[in-house]
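This report concerns only the one structure given below.
The values are calculated or read from the model by the stated rules, or taken from the named source; none is laboratory data. Please read all numbers here as calculations on a predicted model, not as lab measurements. All Cβ positions, glycine included, derive from the backbone under ideal geometry; neighbour counts span all protein chains shown. Quick note on the areas: whole protein, heavy atoms, side chains included, nothing else; ligands and nucleic acids left out. Shrake-Rupley method; radii C 1.70, N 1.55, O 1.52, S 1.80 Å.
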Amino acid sequence: MLSNEPPPYNAKQEESFDNAGFVSDIGVIENGIDKKDVKEEEEEIDPWELPELKDNSTPFNEMTGNQKVVYILWVLLRFTLFLGFLYLFICSLDFLSSAFRLLGGKAAGEVFRNNVILRNPVTGVMIGILATVLVQSSSTSTSIVVAMVGAGLLDVPTGIPIVMGANIGTSVTNTIVALGQITDRDDFRRAFAGATVHDMFNWTCVLVLLPLEVISGYLFRLSRAIVDSLPLEKYSDGETDLLKAITKPFTKKIIQVDSGAIHKIAQNEEVDTLLEMCCKYEKPDPVNVTYSNGTLNMTEENKVCVEQCEFLFKDIGLKDTEIGGILLVIALILLCVCLLSIVKLLNSLLKGNIRRIIKKVINAEFPGKCAYFTGYLAIIVGCGLTILVQSSSIFTSAMTPLVGVGVISIERMYPLTLGANIGTTTTGILAALAQDAGDIKEPLQLAFCHLFFNISGILLFYPLPFTRFPIDLAKFLGTKTSKYRWFAIFYLIFMFFLLPLLVFGLSLAGWQVMAGVLIPIAALIVIICLIKTIQKKKPSILPKFLRNWKFLPLCCRSLEPIDRVMHLCVCTSMSCCAESKDMQLGTEDNVETTRI
């Protein structure tokens, strides 16, 4: 009796056919399914396509009256909780900034003192990165540089590379925020790519525009021409921060850091503590003020404190670094709790039609040929929102979880980030306008250099679609970090700490040593990228051994060996509990081992 069932699948037989070169186009049939068709279908799935969450709840129009009331109240409760956690999330970023200032503010201020080192443009970029990472705010670091230029401690050409580095350093915050979604592979891939698209844009801008500025000085010349044509007046409210009007009532009860103290350290003044001790000064007594060359001397010694600051960490008998360490732990815990809660609430609120509507609005394109201009509208929106909150770090950090849960695409996050880069330059412009009337010119010129640096980057890496390769670089990093979770930590430490410190150390040894080390490394990277591009576009023009990287040892072309070591270390520290449990349950074949 003949059977209609297909013959049993023989994996070894298929393997022998593959090795002999007799692979058939009909594929492999298993349980009535053509595995080749399944494989082709899987390959067509875009891993960066925004997901759709299924909404299994009862439609609103089918609910009873009581169910509708309960549903509305439940939505209002979740939305209120979302706003509350979003407020605490922004406050936690402020605490994180204060903690880093207490831990590294003095070091950041002392770095700016050495003008000889700062005159090396590459060193200036690295100092800008390190200083911004230490104070967790590009607004603060650029304001310091602007103030130093206004005080005559730095000239504009020396300050330009520093603000370029500050542009890179500010993206560390949203990269840290992306780690909050590390538990979910897909969300983490999107979130990390959404965060690092900011990094990739800033790094590529510096790599292209720094040499151009050193050779031609175009930023200096352009900003000088504009400043010379402007009627300049002092703007007394130049340091107004609109967002702090909302968060300061809460954060100032916990900690208050004197940002002006870092300015004083940079200007070689002695500072005992970075904590804000006095919140209100009285005008100096005209009888006791001092005069220098007929000019009123308005120094701190002339002022009388009439209102002491009161906050939780004041007068507890700890040093600045100890308070900073405690505050850092609190800020990170609060940041993680708020981020996880925000993600959960977003996933709960943005289901079904609601998610589809929001995704459609945020990621919508103008009709027809006008679709090209949609990204420019996103740049304007990102710029406007960043001006409102006075911080690109806060804006991009708030957008990162939305990218992770699939509400905002990477392609839309990119122009929003570019707009945030422009918006954050307003802080430096306002700080420059707050200088004394006779000192406005050079600080404002440096602030304009920061603005035109970001505009130049947009002109280079946005108008033509094929120039938007920061998106592809970010997706590459997102894919790698979702597969190897430990790589995210390595990337964060290496790109924002180890690399700047390494280049800074080489610069101390002299430009000859720095060039001798960095130029061969840069040349090797360029060659690898060129070969990789040819392998992808037209491999036939390459020699056979260069059409792939298999001629290299595995450790030189894959993170797999390191991943096995990391996995082994984690398993050893955790006594391989998960694997033992799987073996006891006999479900080894159905469990996918998760890499850390």
For this session: Quote to one decimal, in nm, the extra length available between ALA245 and LEU222 on full extension: 0.36 nm per residue of separation minus the C-alpha distance between them.
Result: 4.8 nm
Seminar exercise, completed: Cα extents of the stretch 439-484 per principal axis, largest first, Å, are 52, 27, 6
Exercise. Based on the Kirkwood radius over alpha-carbon pairs, what value in µm²/s does the Stokes-Einstein equation return for the translational diffusion coefficient of the stretch 421-498 at 10 °C and 1.306 mPa s?
Worked result: 103
Exercise. For labels at CYS556 and LEU460 in the simple 7 Å Cα→Cβ model, what's the distance in nm?
Worked result: 3.1
For this session: Note the full-extension length gain between LEU388 and LEU212 as 0.36 nm times their separation in residues minus their Cα-Cα distance, in nm to one decimal.
Result: 60.1 nm
Problem set entry | Label-to-label distance, nm, for residues given as THR80 and LEU501 (7 Å Cα→Cβ offset) | 4.7
For this session: Roll a 1.4 angstrom probe over the protein heavy atoms and tell me the percent of accessible area of the stretch 361-462 that is carbon or sulfur.
Result: 75
Problem set entry | Surface/4 estimate of mean projected area, convex hull on alpha-carbon atoms of the stretch 123-224, nm² | 7.0
Seminar exercise, completed: Expected sort for 311-320, 401-410 on mean C-beta neighbours within 10 Å, highest first, is 401-410, 311-320
Exercise. Measuring from label point to label point, each 7 Å out along Cα→Cβ, what is the ASN66 to ASP155 span in nm?
Worked result: 8.1
For this session: Let me know the shape class of the stretch 189-231, please: from the alpha-carbon gyration tensor, a ≥ b ≥ c as square roots of the eigenvalues, rounded when a/c is under 1.5, otherwise prolate if a/b is greater than b/c, or oblate.
Result: oblate
Problem set entry | Cα gyration tensor category, rounded, prolate or oblate, for the stretch 365-420 with a/c compared to 1.5 | oblate
Seminar exercise, completed: In terms of the alpha carbon gyration tensor, root eigenvalues a ≥ b ≥ c, rounded if a/c is under 1.5 and otherwise prolate when a/b exceeds b/c or oblate, the stretch 368-510 is oblate
For this session: Within 10 Å, count the other beta carbons around each residue, average over each peptide in 461-469, 203-211, and list them highest first.
Result: 203-211, 461-469
Exercise. Which peptide among 487-493, 172-178, 89-95, 127-133 comes first, and what is the full order, when sorted by highest mean count of other Cβ atoms within 10 Å?
Worked result: 127-133, 172-178, 89-95, 487-493
